[in-house]
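The values are calculated or read from the model by the stated rules, or taken from the named source; none is laboratory data. Values in this document were obtained by computation on a predicted structure and should not be read as measured data. Neighbour counts are summed over all protein chains in view; Cβ atoms, including those assigned to glycine, are modelled from backbone coordinates with ideal geometry.
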Amino acid sequence: MSPAPTPNTLEPDELVRLAHAVVAADRFPHLATVDGDQPRLRPVSPVKTEGFCVYVANLRSYHKTAEIEANPRVELCYLDAEHNQVRITGKADVLSDPALLQQIWEENPLLRHYLGDIDNPQLIVYVIKPERVRYMQEWALEYHEVPFP
């Protein structure tokens, strides 16, 4: 049996750079929520990302809407082609900034195609602000805390 890989020592600036690269590489991270006492996990397609702050569009009729309303604590997991991963833990809040919602609407043709109008009552956009960001190099078996503002 071969020995376990030795994790690299990473400086804070390097951790931030590596974590941003993983986030940029994964178009469909997985979002974890809680449904009562049952964890739920599904791929999502963020409509905007600023640093480690992630915006996810949703339909009010989706089950995850009720899950997030009951417990807004969520986690996103990103994975790149080399199996490096980033986990963003935070709270999902409904986006309330009309100007930012308009910007997201204009930058996402799929939203316009499927929902037709920004005033569609089914549209909800969550903003997931990071409370904790962790990075793991492939098979290193050790998370690094990533500094963020």
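Numerical summary
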read-out	value
Members of region 102-117 that are surrounded by fewer than 17 Cβ atoms within 10 Å (Cβ to Cβ) and assigned to a helix (DSSP H, G or I)	GLN102, GLN103, GLU106, GLU107, PRO109, LEU110, ARG112, HIS113, TYR114
Whichever residue in region 7-31 is part of a helix (DSSP H, G or I) and charged (D, E, K, R) and, among such residues, is nearest to VAL47 (Cα to Cα)	ARG17
Single residue of region 118-149 satisfying the filter (modelled with pLDDT of 95 or more and over 20 Å from the mean Cα position of the chain (by Cα)) that is surrounded by the fewest Cβ atoms within 10 Å (Cβ to Cβ)	ASP119
Test: LYS48 is over 11 Å from the mean Cα position of the chain (by Cα) and at pLDDT 95 or above	no
Hits in region 57-96 (condition: in a helix (DSSP H, G or I) and surrounded by fewer than 16 Cβ atoms within 10 Å (Cβ to Cβ))	HIS63, ALA66, GLU69, ALA70
Boolean, ARG134 is closer than 22 Å to LEU10 by Cβ and out of contact with any Leu (no Cβ under 8 Å at 6 or more places or on another chain)	yes
Qualifying residue in region 49-56 (condition: touching a strand residue (DSSP E or B) at 6+ places or on another chain (Cβ under 6 Å), in a strand (DSSP E or B) and among the aromatic types (Phe, Trp, Tyr))	yes
Selection count where residues are of a type in the set (Phe, Trp, Tyr) and in contact (Cβ under 8 Å) with a residue 60 or more places away in the chain, scope region 52-75	2
Residues (touching a residue at least 24 places away in the same chain (Cβ under 8 Å) and in contact with a helix residue (DSSP H, G or I) (Cβ under 8 Å, 6 or more places away or on another chain)) located in region 110-134	LEU111, GLN122, LEU123, ILE124, VAL125, TYR126, VAL133
Every residue from region 40-55 that is under 18 Å from TYR114 (Cβ atoms), surrounded by 13 or more Cβ atoms within 10 Å (Cβ to Cβ) and out of contact with any Ser or Thr (no Cβ under 8 Å at 6 or more places or on another chain)	VAL44, PRO46, VAL47, LYS48
Residue list for region 92-109, restricted to those being in contact with a helix residue (DSSP H, G or I) (Cβ under 9 Å, 6 or more places away or on another chain) and either closer than 30 Å to GLN137 by Cβ or hydroxyl-bearing (Ser, Thr, Tyr) (or both)	ALA92
Residue within region 63-83 that is under 18 Å from ARG134 (Cβ atoms), within 12 Å of the chain's Cα centre (by Cα) and of a type in the set (Ser, Thr, Tyr) present	yes
Residue within region 19-31 that is charged (D, E, K, R), within 22 Å of TRP105 (Cβ to Cβ), without any contact (Cβ under 8 Å) to a residue 24 or more places away in the chain and out of contact with any Cys (no Cβ under 9 Å at 6 or more places or on another chain) present	yes
